[in-house]
Amino acid sequence: MGLIDDLIGRRVYLDANVFIYAVEGHEPFQGLLGRLFGEVAHQALLAFTSELTLAEVLVWPFREARVDLARHYRSVVQTHEGLTVVPITRSVLVEAARLRAATMLKLPDAIHVATALQADCEVFLTNDARLQGPPGLEVMRLADALP
């Protein structure tokens, strides 16, 4: 069974790198992410991300003066059918601080993980090999799904 099949019917947090790879068409993930976002659009899985994702994905387009790409990211990283963009609340920040105190997570990663926990996600989808989730949050990496 493949990665996407493992995600069907689950609450899945999408890390910022998932959006970057999908929008910018990074090989070898293009086919996998095309299917993932198709399943999100059909609500075969419930996807979540943080407002922080928008800040992270906009850095390169702003640096390169790619107004078109920045506009596209703004369109993609917004709440729509199958995807919920969760606000950064005080409770998310408190949980992120608790996670940082207990682990070696950097603040952005801690905010992402705290958001996933508060959204009751079962899976955290990323390609960050260093990211570790707390008990109860399964971390899946895109690279692990490749042949």
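The values are calculated or read from the model by the stated rules, or taken from the named source; none is laboratory data. Bear in mind that the values here come from a model prediction, so they are computed numbers and not experimental data. The area values use the complete protein model at the heavy-atom level, side chains included, leaving out ligands, DNA and RNA. Shrake-Rupley method; radii C 1.70, N 1.55, O 1.52, S 1.80 Å.
With every protein chain kept in place and ligands, DNA and RNA left out, what is the accessible area per residue of the stretch 1-113? Probe 1.4 Å, answer in Å².
54 Å²
Got a number for carbon plus sulfur as a percent of the chain's accessible area, 1.4 Å probe?
Taking all protein chains in place, the chain shows 55 percent carbon and sulfur surface.
For the stretch 35-119, just say rounded, prolate or oblate: build the C-alpha gyration tensor, square-root its eigenvalues into a ≥ b ≥ c, call rounded for a/c under 1.5, and beyond that prolate if a/b exceeds b/c, oblate if not. Please list the in-between numbers first.
Values: a/c = 2.44, a/b = 1.27, b/c = 1.91.
Oblate shape, in that a/c is at least 1.5 and b/c is the bigger or equal ratio.
How long are the three semi-axes of the equivalent ellipsoid of the chain, in whole Å, if each is the root of 5 times an eigenvalue of the C-alpha gyration tensor, listed from largest down?
Semi-axes (√(5λ), whole Å): 22, 19, 15.
State the percent of C-alpha pairs, over all pairs in the stretch 72-147, separated by a distance greater than 16 angstrom. Let's see the in-between values first.
Details: 1563 of 2850 pairs.
Cα-Cα pairs of the stretch 72-147 separated by over 16 Å account for 55 percent.
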